[in-house]
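Note sheet for the following structure.
The values are calculated or read from the model by the stated rules, or taken from the named source; none is laboratory data. Everything numeric in this text was worked out from a predicted model, so none of it was measured. So basically every Cβ, Gly included, is an ideal-geometry build from the backbone, and we count neighbours across all protein chains shown. For the accessible areas, the whole protein counts, side chains as well, though only heavy atoms, and no ligand, DNA or RNA atoms are used. Shrake-Rupley method; radii C 1.70, N 1.55, O 1.52, S 1.80 Å.
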Amino acid sequence: MARAATVCMFKRVAAALALALGSVAAMAQQLPADHAEWSVETGYLTKIKHNSPLDYRVVPTQLVWRSPAAFDLWRHEDGSRLLFRHRLALLAETLPRGAEDYYLGFSGAPSIELWLPNRRTALFYAIGGGAGYINAKGVPGGQGQNFTLNWFTQFGVRHQLSQRTAVAGSAYFVHHSNLGMTDPNPGIDALGLSLGLIWNFD
């Protein structure tokens, strides 16, 4: 009788362990990109073109939303995935050097991500643009009007700290101009580094 009870107990323990291991495996199979995410990103950019005589510096701060993966561009049996997501951002840039003081706007872009087999690390690339407001002051070499379009490109790497949080670093380029609505229209072209903290609430 005691032996039967012991066998029954071991079976229950084995079943509980199998269930727990199955849950861990299921968690390991989840990809962060399959969930919507938010991030806060900031950096420091320097002017790279001589379209303005002013030595612009830009500190871009963004609140970014990324959609769950919309579709896969490529998938490998080892777990690697190349996928497509949507990226929307609210922009709040400060300009410590230049004619203007700040820029407020929004942007949208596709985000292409290559996830490695460990499902914790990914390379990402985004390119897109939007519009916004810069406090133009009519200074020679500065922007000709308040309404300004933006265009950006970003290439970087991200790594999961946990299932819900990650950090990212990237090279970031931004261009501001008004498409010749004013003359002159020098624009701003700046390149630098950006760091981000990413999280999801799923």
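Table for the structure above
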{"quantity": "Computed accessible area, residue 44, all protein chains, 1.4 angstrom probe, square angstrom", "calculated": "110 Å²"}
{"quantity": "Mean separation of Cα contacts under 8 Å (6+ apart) over length of the stretch 96-193, as relative contact order %", "calculated": "23 percent"}
{"quantity": "Integer Hz, Karplus 6.51/-1.76/1.60 couplings in order for the stretch 73-82, x for Gly and Pro", "calculated": "8, 6, 9, 10, 5, 7, x, 5, 9, 10"}
{"quantity": "Carbon/sulfur fraction of accessible area - the stretch 105-189, other protein chains in place, 1.4 Å, %", "calculated": "69 percent"}
{"quantity": "Theoretical ellipticity at 222 nm over the chain - DSSP helices of four or more residues, -39500 (n - 2.57) apiece, nearest 500", "calculated": "-5000 deg cm²/dmol"}
{"quantity": "Under Karplus coefficients 6.51, -1.76 and 1.60, residue-wise ³J(HN,Hα) of the stretch 121-137 in Hz, glycine/proline x", "calculated": "10, 8, 8, 9, 9, 9, 8, x, x, x, 8, x, 10, 10, 7, 4, 10"}
{"quantity": "Table column - 3J(HN,Hα) (Hz), the stretch 140-147, Karplus curve with 6.51, -1.76, 1.60, x for Gly and Pro", "calculated": "x, x, x, 7, x, 7, 6, 6"}
{"quantity": "Under-5 Å amide H pairs with residue 102, H placed in peptide plane, nonlocal only", "calculated": "95, 135"}
{"quantity": "Relative contact order, percent, the chain [alpha-carbon distance under 8 Å, six or more residues apart]", "calculated": "20 percent"}
{"quantity": "Modelled FRET efficiency - R0 30 Å, residue 72 with residue 162, Cβ distances, 0.05 increments", "calculated": "0.80"}
{"quantity": "Nearest 10 degrees, 0 to 90: helix 2-29 Cα axis against the chain principal axis", "calculated": "20 degrees"}
{"quantity": "Solvent exposure ordering (accessible area, 1.4 Å, most first) of 124, 71", "calculated": "71, 124"}
{"quantity": "Qualifying GluC sites (Glu not before Pro) for the stretch 74-110 [loop in DSSP, other Cβ within 10 Å: at most 12]", "calculated": "77"}
